[in-house]
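**Q** Dropping the structure in here first, questions after.
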Amino acid sequence: MSRAPIGIIGGTGFGRLAALAETQRVDVSTPFGSASCPIIYGTIDQAPVAFLARHGNPHQIAPHRVNYRANIAALRQLGITQIIAINAVGGIADWAGPGAIAAPHQLIDYTHGRLSSFSDVDGQVVEHIDFTDPFSESLRQELLAAARRAAVQIHDGGVIAVTQGPRLETRAEIAKLRRDGSDLVGMTSMPEAVLAREAGIAYAALAVVANAAAGCGPDATIGMHEIEQTLAEAMQRVVSIVRAFLA
């Protein structure tokens, strides 16, 4: 199979991509180690795709332990020029209820201790890349247009706060994130987005709200059963967007 021009990285609840007809699995070794799991080459409606499960398959790698550098380097080695990241997130903004899908336009990084640059290697030239707009605007607009063609409701924009995980946040932390201007909260957009920028790969995200963030919903606690149900339903709409994008 020829190299796939579109890379898709699936997160929690999206460890496999429905509608992907698998043709080949490729183990990729990089100077930064191995990717989270073999990259799956396949097609969706005859369009070539390379799919990578961010947390491994089965899901076993915590957000702060993902080898983001190896994942992005592996996709770059395979010739990927565009990445669609699928992220399960918590909703902070009033519009971000469970099941909502957004194409975020900005992020705030609250992570710590993660290897966040290909320059973090002795002897490597340090590059100060422009990260003013962390998501590729042209790719983001293509995803929004695809959602419209698929008749799937999607929120245009949003600021995603990226926290360390794997624990969910406290009420006080979410209140701070809201004051900081965050609409969504997730654990994996960084350093994934900045590494894609360093690698010269266009990168945009489909953020799926799995639950209301702490203190933002009617329930006192966040139940994993409800989260899993929400993500399973949302997967169908995500696939519809991806299909329309690839058509």
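**Q** Can you spot a residue in region 160-171 that is in a loop (DSSP other than H, G, I, E, B) and either of a type in the set (Ser, Thr, Tyr) or under 29 Å from ALA247 (Cβ atoms) (or both)? Give the derivation first.
**A** Let us first name the residues in region 160-171 that are in a loop (DSSP other than H, G, I, E, B), namely 163-170.
Narrowing further to those that are either of a type in the set (Ser, Thr, Tyr) or under 29 Å from ALA247 (Cβ atoms) (or both): 163, 170.
The answer is yes; a qualifying residue exists.
**Q** Something else: Which one of VAL89, VAL125, VAL26 is crowded, with 22+ Cβ neighbours inside 10 Å and not basic (Lys, Arg)?
**A** Working: VAL125 fails: crowded, with 22+ Cβ neighbours inside 10 Å; VAL26 fails: crowded, with 22+ Cβ neighbours inside 10 Å.
After applying the criteria, what remains is VAL89.
**Q** I'm trying to understand the selection: among the residues of region 42-69, which are hydrophobic (A, V, I, L, M, F, W, C), closer than 29 Å to PRO166 by Cα, in contact (Cβ under 8 Å) with a residue 40 or more places away in the chain and surrounded by fewer than 21 Cβ atoms within 10 Å (Cβ to Cβ)?
**A** Pass one, region 42-69, residues hydrophobic (A, V, I, L, M, F, W, C): 44, 47, 49-53, 61-62, 66.
Cutting the leftovers down to closer than 29 Å to PRO166 by Cα gives us 49-53, 61-62, 66.
Still in the running and in contact (Cβ under 8 Å) with a residue 40 or more places away in the chain: 49-53, 62, 66.
Selection gives ALA62 alone.
**Q** Now for a separate question. Out of the residues in region 32-41 that are surrounded by 18 or more Cβ atoms within 10 Å (Cβ to Cβ) and touching a residue at least 24 places away in the same chain (Cβ under 8 Å), which is farthest from ALA70 (Cα to Cα)?
**A** Among those that are surrounded by 18 or more Cβ atoms within 10 Å (Cβ to Cβ) and touching a residue at least 24 places away in the same chain (Cβ under 8 Å), it is TYR41.
**Q** Now a separate question. Return yes when ALA205 is under 20 Å from ASP94 (Cβ atoms) and under 14 Å from the mean Cα position of the chain (by Cα) and no when it is not. Spell out how you get there, then give the answer.
**A** On the way: under 20 Å from ASP94 (Cβ atoms): no; under 14 Å from the mean Cα position of the chain (by Cα): yes.
So ALA205 does not fit the description; no.
**Q** Kindly provide the set of residues from region 172-203 that are assigned to a loop (DSSP other than H, G, I, E, B) and either within 22 Å of VAL126 (Cα to Cα) or not charged (D, E, K, R) (or both), ordered by number. Break it down stepwise before answering.
**A** First, the residues of region 172-203 that are assigned to a loop (DSSP other than H, G, I, E, B): 180-183, 187-188, 199-201.
Of everything in region 172-203, those that are assigned to a loop (DSSP other than H, G, I, E, B) and either within 22 Å of VAL126 (Cα to Cα) or not charged (D, E, K, R) (or both) turn out to be GLY181, SER182, MET187, THR188, ALA199, GLY200, ILE201.
**Q** OK, next. Restricted to region 146-159, and to residues that are in contact (Cβ under 8 Å) with a residue 40 or more places away in the chain and not in a loop (DSSP other than H, G, I, E, B), which residue is nearest to ALA70 (Cα to Cα)?
**A** The selected residue is VAL159.
**Q** Just to check your reading of the model, which residue among ALA210, ALA214 is at pLDDT below 95, part of a loop (DSSP other than H, G, I, E, B) and under 20 Å from THR12 (Cα atoms)?
**A** ALA214
**Q** Just to be sure I understand the filter: pairs with C-beta atoms under 8 Å, separated by 6 or more residues or on different chains, first member in region 8-31 and on the phi > 0 side of the Ramachandran plot, second member part of a loop (DSSP other than H, G, I, E, B). Which pairs pass?
**A** These pairs meet every condition: ALA19/ASP45.
The values are calculated or read from the model by the stated rules, or taken from the named source; none is laboratory data. All values reported here derive from a predicted model rather than from experimental measurement. So basically every Cβ, Gly included, is an ideal-geometry build from the backbone, and we count neighbours across all protein chains shown.
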